[in-house]
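Here's the structure, in C-alpha cells; my notes come after.
The values are calculated or read from the model by the stated rules, or taken from the named source; none is laboratory data. Please read all numbers here as calculations on a predicted model, not as lab measurements. Here the Cβ is made from the backbone with ideal geometry for all residues, glycine too, and neighbour counts use every protein chain on show. Please note that ligands, DNA and RNA were not included when accessible areas were found on the heavy atoms of the full protein model with its side chains. Shrake-Rupley method; radii C 1.70, N 1.55, O 1.52, S 1.80 Å.
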Amino acid sequence: MSVYLDHNATSPLRAQAREAMARAYDAGGNPSSVHGPGRAARAIVETARASLARHFVTRAEDVVFTSGGTEANNLAIASARAAGAKRLIISAIEHDAVRDAASASGLQVEILPVTAEGVADLIWLEQRLEGWDRDADGVPFVALMAANNETGVIQPIEAAGRLVREAEGLFHVDAVQMAGKLAFDFAGSLAHYAALSAHKAGGPQGVGALLLACDAPLTRQMHGGGQETGRRSGTENVAGIAGFAAALEAVEADEVARIAALRDALQSKLESVEGVRIWGAGADRLPNTLCLSADGWAAEIQVIAMDLAGFAISAGSACSSGKVRKSRVLEAMGASADEAASAIRISLGWTSTQDDVDRFSDAWIREYARVRPRLAAAV
C-alpha cells in the first residue's frame, strides 16, 4: 500500500466526515424545500454553518458555502471591481486560484514581494499603501494567503490586515491550508474575506466556504434560486457541508503537535544530506509541511521515483491539472531556476505515522545517493 504524504493536496476523508455525510444522504431533502425532509436538510446545513463559525471565530450568517476554495477565492476577487477597486495587490506566493482570478478580473495587478524566507514584505506594503492614489487606483484591494501551500510558511495576516484597514481598503485571505492544521481566527485577522476548503482538513472534495466580514461588499457570481441569502445561488451540497464541519470537529487536541514532531524529525534527516536545501526553514511554518530541493534532481523525476517506491508526494502545488513545473513560489523567494525545478513538497496529516516518515526518508536518501553521481556527471 502506498504511503500518503500529500495532505496539502488533499487529506484523506476522516471517518467522522464519512459518517456525517452518510447521515445527510440518508436524510434526503432539498434544504430550500419547506416540507419535513427539506427542513431536515436545512437543519444539517445550518448546524454545520454554526460549527464553522465557531471554529473560525465569525458569525454564522457570514459563512457562505461554495464548491471549494477556488470558487471562494474567485468570489472575493470578483467583488473588487464593484467595490471600487481599479488595481489589485496580490502576494508573489499566491495560489493559482488567486493569481488567475486576479488576472481575469480586468483590473491592474501588482505583486507584493516576499523575503528569502517566503514571508510577505510588509514594509513594501506599508509604503505602497501610503502612496496609494485613490483617484487613479480606486479602493485598495490586497490578497495575502494565510499559509503557503508549497513551503508552509505562515504569513503575517493580522499585521497586513491592519495596514489595509488603515488605508480603508479591502483585504482577502486564502486560508485554505490553515483549516485542520492550525487555528485561524477570522475576526482577529482583520480580513474582509477568507477562503476555505473542506478536503484539506480531511473533509470531502467539492465543498468550501467564503467567510465575510460584516462590512465586506460581495458581488454574486452564481445566479438562480437565491440560496446562501442570495450571495451564492445553487442547491447546497448538504452532505459535503456536513462532512466539512465534521472533519474540523474531528481534529484531535494533540494532532498538531504530533504531526509537527514527525515533520521536524523528517527535516532533521533530510537536511543533513549534501545538496539538499529546506525552503522557509527560518520562518514560522505549518506543522505538517516540508519543501526541499535537491541539486540536479528534477522534481518530476523525484515524484515518479518515490511513487514507484510506494510514496505519494508532490512537486509544488497539486492543483494545476496534473502539470509539473518549476515553482513560482521558490522563484519569488530567490531560488535559482534549477532549485525551483528540483523542489518537492512532503505534507503530513492525520494518517501519518513515524513509520511512514522513517520509510520515506530512507527510500528518498537511498534513491538520491543512487542517482546523484549521474546527476553530477551531467552538469
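As a check on your grasp of the helix formula, calculate [θ] at 222 nm for the chain: sum -39500 (n - 2.57) over DSSP H runs of n ≥ 4, divide by the residue count, round to the nearest 500.
The helix-only estimate for the chain comes to -12500 deg cm²/dmol at 222 nm.
For Val57, Val45, write out the residues from largest to smallest accessible area, computed with a 1.4 angstrom probe and no ligands counted.
Accessible-area ranking of Val57, Val45, largest first: Val57, Val45.
Ignoring ligands, DNA and RNA, please state the percent of accessible area on the chain from carbon and sulfur, probe 1.4 Å.
Numbers: 8090 of 15460 Å².
Carbon and sulfur: 52 percent of the exposed surface of the chain.
Quote to one decimal, in nm, the extra length available between Glu117 and Ala78 on full extension: 0.36 nm per residue of separation minus the C-alpha distance between them. Kindly include the intermediate steps, with their values, before the conclusion.
On the way: separation 39, 0.36 × 39 = 14.04 nm, distance 3.02 nm.
Separation in residues times 0.36 nm, less the Cα-Cα distance, equals 11.0 nm.
When N counts the residues of the chain, how does its alpha-carbon radius of gyration compare numerically with 2.2 N^0.38 Å, as a ratio?
Taking N as the residue count of the chain, the ratio is 1.01.
What distance in nm lies between label points placed 7 Å from Cα along the C-beta direction at Asp135 and Gln205?
5.1 nm
For a quick check of your reading of the filter: which chymotrypsin sites (Phe, Trp or Tyr not before Pro) in segment 147-234 sit in a DSSP loop and have no more than 11 other Cβ atoms within 10 Å?
The qualifying sites: there are none.
Taking the chain, how many lysine pairs are there with alpha carbons less than 28 Å apart, if each pair must be eight or more places apart or span two chains?
For the chain, the number of qualifying lysine pairs is 8.
Express in whole angstrom the spacing between the alpha-carbon centres of segment 227-263 and segment 118-163.
Each part reduced to its Cα centre gives a spacing of 27 Å.
Based on the alpha carbons, how large is the Rg to Rh ratio for segment 143-208 when Rh follows Kirkwood?
Expressed as Rg/Rh, it is 0.99.
How many Å² of accessible area per residue for segment 237-378, probe 1.4 Å?
43 Å²
Over the heavy atoms of His55, what accessible area does a 1.4 Å probe trace out, to the nearest 10 Å²?
Surface accessible to solvent at His55 totals approximately 80 Å².
Within segment 129-229, report the GluC sites (Glu not before Pro) that DSSP leaves as loop and that have at most 12 other Cβ atoms within 10 Å.
Sparse-neighbourhood loop GluC sites (Glu not before Pro): Glu168.
Once label points are set 7 Å from the Cα along Cα→Cβ at both Asp264 and Ala369, what is their separation, rounded to one decimal in nm?
2.7 nm
Please list, in order along segment 153-170, the HN-Hα scalar couplings obtained from phi with the Karplus expression 6.51 cos²θ - 1.76 cosθ + 1.60 (θ = phi - 60°), rounded to whole Hz, x for Gly and Pro.
Computed from phi, the couplings for segment 153-170 are 5, 8, 9, x, 5, 4, 5, 5, x, 5, 4, 5, 4, 5, 8, 6, x, 10 Hz.
Enumerate the amide H contacts of Glu117 below 5 Å, restricted to partners 5 or more residues apart or on another chain; note that Pro and chain-start residues carry no placed amide H.
none
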